[in-house]
1. What whole-number value in Å² describes the accessible area per residue of segment 286-335 for a 1.4 Å probe?
2. At 1.4 Å probe size, what's the solvent-accessible area of GLU195? Round to the nearest 10 Å².
3. Under 8 Å for C-alpha pairs, at least 6 residues apart: give me the relative contact order for the chain, rounded to a whole percent.
4. Per residue Cα convex hull volume for segment 196-332, in cubic angstrom?
5. May I ask you to give the solvent-accessible area per residue for segment 112-183, in square angstrom, as obtained with a 1.4 angstrom probe?
6. What lysines could a cross-link reach from LYS250, if we take a straight Cα to Cα line under 22 Å and drop same-chain neighbours fewer than 8 places away?
7. What value in Å³ per residue do you get for the convex hull of the alpha-carbon atoms in segment 24-76?
8. Write down the Å³ per residue value for the convex hull defined by the alpha carbon atoms of segment 270-335.
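The values are calculated or read from the model by the stated rules, or taken from the named source; none is laboratory data. Worth saying up front: this structure is predicted, and the values here are computed from it rather than measured. Here Cβ is always computed from backbone atoms with ideal geometry, including for glycine, and neighbour counts include all displayed protein chains. For the accessible areas, the whole protein counts, side chains as well, though only heavy atoms, and no ligand, DNA or RNA atoms are used. Shrake-Rupley method; radii C 1.70, N 1.55, O 1.52, S 1.80 Å.
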Amino acid sequence: MKKFDPFRPIISIAKFGSSYKIFSSLKKPKKLNIVGSDGKIYGIMCKKEDVRQDNQYMQFATTMDFLLSKDLDSTKRSLGITTYSVLSLREDCGLLEIVPNVTTLRSILVTKYDSMKIKYNLKSLHDKWQHIPQDQKLQFFKELSSKFPPVLYEWFLENFPDPIAWYNSRNAFARSYAVMAMVGHILGLGDRHCENILLDIETGKVLHVDFDCLFEKGKLLPIPEIVPFRLTKNLTDALGITGTEGTFKKSSEVTLKLMRTNEIALVNIIETIMYDRNMDHSIQKALKVLRNKIRGIDPRDGLALSVPGQVETVVQESTSEENLSQMYIGWLPFW
């Protein structure tokens with residue numbers, strides 16, 4: 001009789017890879033490869049910054065993923081959140097698991113636009129954008145939008161040439177993006193530029209990284225973030241002919257309904273994160289905003305929205321050209 005082992009086998013470090021990679025972002029994190037005792041190669045990112053916020057977010061994401069796995073409407077749609085391990089070594093450094101087979105949204109779009117000979121210079125764009133009067137920013141946004149047509153759908157066609165694989169990957173993309181859009185909206189997650197949104201090249205699922213900008217922090221930036229989540233034209237176009245209707249909207253509603261049902265459990269985790277972030281001075285105010293969002297209370301008139309009504313509202317706010325034209329130009333709202 002085979003002996004039952006309730007714990008997964010412990011994998012130790014056999015050796016380190018002979019090379020490393022330095023990422024181009026501000027803090028220059030390094031990627032190392034480790035060969036495990038099981039013979040597999042594991043990637044880790046070494047960051048010289050506080051990674052506790054990523055660790056705290058992962059606690060919330062893991063709980064949310066567990067709740068999604070137990071809900072009937074969610075399991076029918078295979079809804080979930082891709083998580084990764086985070087280890088804080090000190091207050092100013094830590095290790096993050098590198099999820100294999102993913103690429104950034106920016107990398108996909110830059111490659112496509114380069115192949116079409118469509119280029120831009122962010123510095124000159126920024127200089128021009130800064131001097132455009134507020135009432136002319138919408139027109140500037142529309143001009144840029146017409147220059148950069150949606151191309152993300154092409155990535156799905158090229159990466160998943162088999163019709164069944166293409167169909168499944170598009171569904172996986174729509175569902176995983178809907179889950180993260182709703183979670184991001186409730187948590188007030190900002191800084192969703194194209195480097196912080198990744199796609200799995202084998203499944204089409206979405207992975208988000210960098211969770212420093214939580215609890216409406218984006219609204220306090222010099223140029224406030226005024227959209228609930230990123231839902232620019234490349235993303236809406238890649239959802240297919242129905243756009244934000246159909247799969248995306250239904251998955252959003254299932255996620256939001258689940259969060260309302262489990263409000264107490266989720267708010268308890270969020271409160272712990274807030275205390276860890278030394279937000280004592282504003283915790284009650286932040287918690288009230290968050291609870292109101294979970295319950296669907298519209299901040300404009302104090303009326304409670306239904307789940308479909310709340311989803312419709314935040315989708316409209318995220319896709320509004322007026323709102324997108326006011327976003328920081330480096331966020332690339334015209335993509």
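1. Counting only protein heavy atoms, the per-residue value for segment 286-335 is 44 Å².
2. Rounded to the nearest 10, that gives 80 Å².
3. Relative contact order comes out at 18 percent.
4. In segment 196-332, the Cα convex hull volume per residue is 145 Å³.
5. That works out to 55 Å² for each residue.
6. LYS70, LYS76, LYS205, LYS233, LYS293
7. Value for segment 24-76: 160 Å³ per residue.
8. 138
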